[in-house]
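The values are calculated or read from the model by the stated rules, or taken from the named source; none is laboratory data. Note that the structure is a prediction, hence the values are computed from the model and not measured. Virtual Cβ from ideal backbone geometry, glycine too; neighbours counted across all protein chains shown.
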Amino acid sequence: MSFKKTILVTGGAGFIGCHLVKLLVNKYPDYHIINLDLLTYAGNLENLKEVEDKDNYTFVKGDIVDSAFINKLFETHDFDGVIHLAAESHVDRSITDPMSFIKTNIVGTVNLLNAARHNWGDFKGKRFYHVSTDEVYGSLGETGFFVETTPYDPRSPYSASKASSDHLVRAYHHTYGLPIVISNCSNNYGPNQFPEKLIPLFINNIKHRKTLPVYGDGKYTRDWLWVLDHASAIDVIFHNGADGETYNIGGNNEWKNIDLIHVLCDVMDDLLGRAKGSSRELITFVKDRPGHDRRYAIDATKLKEELGWEPTIQSEDGMRKTAKWYLDNESWLENVTSGAYQQYYEKQYSTKVS
């Protein structure tokens with residue numbers, strides 16, 4: 001079958017990646033979407049069951065840290081574009097194991113850049129899209145927003161590794177002429193998120209009446225972005241963004257952690273038929289984590305004005321949709337937390353180029 005474009009999505013079995021892959025496969029039947037994922041703890045092919053038999057979808061298991069493997073993949077497939085999401089992304093894990101973040105987020109990104117540079121000829125019709133985070137900008141005070149020109153000030157090994165990869169992507173654009181775009185997004189939430197992150201962790205804990213551990217005073221503030229909105233923004237930027245540009249993606253949905261947790265508790269009480277306020281009693285304040293940024297907030301004006309994108313879901317509606325999805329998909333959550341899905345898929349795939 002002949003395809004108009006062949007697109008490599010790295011990390012396509014992860015939380016954000018799986019929603020992007022499903023969007024691209026369904027929206028562009030004339031595109032061949034190749035999903036490259038190592039299937040570590042956060043990568044789950046169950047998230048992609050609805051597209052796994054589509055003619056324009058291919059899964060490849062592999063590690064972006066393996067430069068020989070990546071080079072062979074680019075030689076085998078004449079990619080028209082790369083959308084690079086594969087990353088170690090949990091701040092707490094980066095504090096205890098920073099080297100894993102250096103390898104995947106920095107070395108892995110350079111391997112992809114080198115493969116694109118050496119295999120894309122004159123770069124005509126090509127695009128390398130690097131998906132990053134607002135955490136590279138550091139911490140805000142009580143007012144103000146991150147814009148695309150905000151100076152970088154990363155505070156954790158995770159955000160430092162993502163800042164480094166952002167700089168390298170820009171350097172390959174300016175040095176070699178590689179056509180690139182970058183986006184920096186706020187905190188994502190929604191279906192299929194691995195339950196080490198705040199919202200799915202707390203949904204699971206509330207369901208089982210376990211403690212809800214809240215860092216510090218709970219007044220750390222984040223802008224929350226519905227994951228399907230993020231996928232749609234990536235689609236718009238990949239197709240219409242200007243070469244060499246950065247676009248911030250935000251949800252216009254700023255919450256203090258404790259306020260968000262209160263809403264989530266009340267939503268869960270309603271969905272579970274419990275007395276209102278009962279889940280709030282599970283909240284326990286714990287010692288703050290090192291280097292905890294006080295506030296993030298995204299100004300996505302550039303994306304709206306230049307490319308016409310805006311978020312569609314905000315506040316309590318998104319929290320209710322998210323909580324309901326996890327309650328309606330108990331088997332998914334049980335498989336993820338037990339590791340059963342990973343054992344199954346490890347038997348189905350080996351690291352190979354196909």
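Do you know which of the residues in the stretch 258-296 that are outside any loop (DSSP other than H, G, I, E, B) and among the hydroxyl-bearing types (Ser, Thr, Tyr) is surrounded by the most Cβ atoms within 10 Å (Cβ to Cβ)? Filtering first and then ranking leaves Ser279. For the stretch 181-226, the set of residues classified as in contact with a strand residue (DSSP E or B) (Cβ under 6 Å, 6 or more places away or on another chain), buried (at least 23 other Cβ atoms within 10 Å of the Cβ) and either on the phi > 0 side of the Ramachandran plot or among the β-branched types (Val, Ile, Thr) (or both) consists of Val181, Ile182, Gly190, listed by residue number. No other residue among Lys276, Lys302, Lys287 is of a type in the set (Lys, Arg), under 30 Å from Ala163 (Cβ atoms) and more than 21 Å from the chain's Cα centre (by Cα) apart from Lys287.
Working carefully through the options Val136, Val131, Val169, Val147, find the one that is in contact with a strand residue (DSSP E or B) (Cβ under 8 Å, 6 or more places away or on another chain), at pLDDT 90 or above and under 30 Å from Glu46 (Cα atoms). Criteria check complete, one pass: Val131.
Applying the selection to the stretch 311-332, what residues are among the hydroxyl-bearing types (Ser, Thr, Tyr) and without any contact (Cβ under 8 Å) to a residue 24 or more places away in the chain?
Taking the stretch 311-332 first, the residues among the hydroxyl-bearing types (Ser, Thr, Tyr) are 312, 315, 322, 326, 331.
The answer is Ser331, and nothing else.
Please give the helices (runs of 4 or more DSSP H) falling wholly within the stretch 1-97 in which 1 or more residues are in contact with a Gly (Cβ under 9 Å, 6 or more places away or on another chain) and modelled with pLDDT under 95.
Numbers: elements: 15-27, 67-76, 91-96.
It comes to 15-27, 91-96.
Where in the stretch 105-220 are there helices (runs of 4 or more DSSP H), lying fully within it, with 1 or more residues that are within 26 Å of Val286 (Cα to Cα) and under 22 Å from the mean Cα position of the chain (by Cα)? Explain how you work it out, then say what you get.
Details: elements: 108-119, 157-176, 198-207.
Filter on the stretch 105-220 gives 157-176, 198-207.
Give me the helices (runs of 4 or more DSSP H) completely within the stretch 301-354, filtered to those with at least 3 residues that are of a type in the set (A, V, I, L, M) and at pLDDT 55 or above, ordered by residue number. Before the answer, list the steps.
Values: elements: 301-307, 315-328, 330-338, 340-348.
Hits in the stretch 301-354: 315-328.
Scan the stretch 308-326 residue by residue and report those that are over 26 Å from Lys219 (Cα atoms) and buried (at least 16 other Cβ atoms within 10 Å of the Cβ).
Step one: filter the stretch 308-326 for residues over 26 Å from Lys219 (Cα atoms), giving 308-310, 325.
Passing the criteria: Trp309, Trp325.
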